[in-house]
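The block underneath contains the structure these notes are about, expressed in structure tokens.
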Amino acid sequence: MSAKEKNKGSDVIKLTKIATIVMICVCAVADIFGYYICKYVWNMVIVGWEQFRPITNEAIAFPTLIGLFYIGTFFAYVILFNVMKLLGNMDNNKVFIKENTKLMKNMSVGCIAIFAICFVGMLVWPSTLFIGVVGLFMGLIVQCVRVVMDKAIDMRDELDYTV
Amino acid sequence: MSIVVNLDVMMAKRKIAAGDLANKVGITPANLSILKNQKAKAIRFSTLNDICLALDCQPGDILEFVNDGKSDEE
């Protein structure tokens, strides 16, 4: 493998790494100011939705929102750290290894968990479903890529172990 | 996999070292050790031909089928 081939896409990986680090920072800030963000969302958008939400009691609905917010950020960390590890592996030219498929599986599980959280969030604010559907589709796409990668690894193994 | 490679037995019979055989056959010692350690998933006819030529034997002397009732996928 020539040096040019080895460095293929390294700038893309670097940019994605920077974006991931920024997202981790955003998540950390969101965790620190979680209460205020929830309060803001509550006052700006949710207050007008009383007739659409199953939980009408504010004393239950607001803590539920905060709880779901923090569980959601936990899964966001799971996804982001897995992306970080995956990018690290790709940077070290270890693309087609079994560990990467495991990382992608974790990522898709995180995406689908966020969908589940947003589904529960419909109790408080029905519009969360739209965010959840994005998560669900992301999870499915990552899962598809994982299956393709798994097949590619099997094919490479077959080729490597042909004498 | 129920195909067993008995290359080491044949090599002992012919009293040839792994490095010498790899040189004669024209494959790397790493690939020869993959073949010897039953890790190989496939063998090219050209490689088999060269091994048989180098060891002066039949493919059946090197490869053996052991029926354990399993297919490759299991």
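The values are calculated or read from the model by the stated rules, or taken from the named source; none is laboratory data. Because the structure is a prediction, the values reported are computed rather than measured. Quick reminder, even Gly has a Cβ in these numbers, built from the backbone with ideal geometry, and neighbours come from all protein chains shown. Just so you know, the surface numbers come from the protein's heavy atoms only, side chains and all, with ligands and any DNA or RNA stripped out. Shrake-Rupley method; radii C 1.70, N 1.55, O 1.52, S 1.80 Å.
Miscellaneous remarks
- Of the residues making up the range A:149-163, those that are of a type in the set (Val, Ile, Thr) and within 18 Å of residue A:99 (Cα to Cα) number 1.
- Condition met for residue A:76 (under 30 Å from residue A:40 (Cβ atoms), open to solvent by 30 Å² or more (accessible area, probe 1.4 Å) and part of a helix (DSSP H, G or I)): no
- Sub-7 Å Cβ pairs linking a first residue in the range B:5-25 that is open to solvent by 70 Å² or more (accessible area, probe 1.4 Å) to a second residue that is basic (Lys, Arg), at least 6 apart or interchain, are B:8/B:36, ordered by first then second residue.
- Filter result (basic (Lys, Arg) and in a loop (DSSP other than H, G, I, E, B)) within the range A:80-130: A:94
- Being loosely packed, with under 15 Cβ neighbours inside 10 Å and either modelled with pLDDT of 80 or more or at negative phi (or both) is a property that holds for residue A:49.
- Any chance residue A:156 is part of a helix (DSSP H, G or I), among the basic types (Lys, Arg), open to solvent by 30 Å² or more (accessible area, probe 1.4 Å) and within 14 Å of another protein chain (Cβ to nearest Cβ): yes
- Failed criterion for residue B:2 (all others in (1) more than 16 Å from residue A:160 (Cα to Cα); (2) at pLDDT below 90; (3) within 14 Å of another protein chain (Cβ to nearest Cβ) hold): (3)
Conditions (1) within 12 Å of the chain's Cα centre (by Cα); (2) farther than 29 Å from residue A:155 by Cβ; (3) not charged (D, E, K, R), marked per residue:
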site	(1), (2), (3)
B:17	no, yes, yes
B:22	yes, no, yes
B:29	no, no, yes
B:36	yes, no, no
B:43	yes, no, yes
B:51	yes, no, yes
B:56	no, yes, no
B:60	yes, yes, yes
B:64	yes, no, no
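- Residue satisfying all of: in the range B:26-49; among the β-branched types (Val, Ile, Thr) and in a loop (DSSP other than H, G, I, E, B); most open to solvent (accessible area, probe 1.4 Å) among these: B:28
- If the condition is being more than 25 Å from residue A:15 (Cα to Cα) and open to solvent by 70 Å² or more (accessible area, probe 1.4 Å), then the range A:87-119 contributes only A:119.
- Reported count of residues in the range B:50-71, each being in a helix (DSSP H, G or I) and within 14 Å of chain A (Cβ to nearest Cβ), is 6.
- Scanning the range A:20-56 for residues that are touching a residue at least 12 places away in the same chain (Cβ under 8 Å) and within 12 Å of residue A:73 (Cα to Cα) returns A:23, A:24, A:27, A:30, A:31, A:34.
- Those residues of the range A:4-13 which are surrounded by 11 or more Cβ atoms within 10 Å (Cβ to Cβ), without any contact (Cβ under 8 Å) to a residue 12 or more places away in the chain and in a helix (DSSP H, G or I), in sequence order: A:12
- Residue A:133 being closer than 30 Å to residue A:57 by Cβ and part of a helix (DSSP H, G or I): yes
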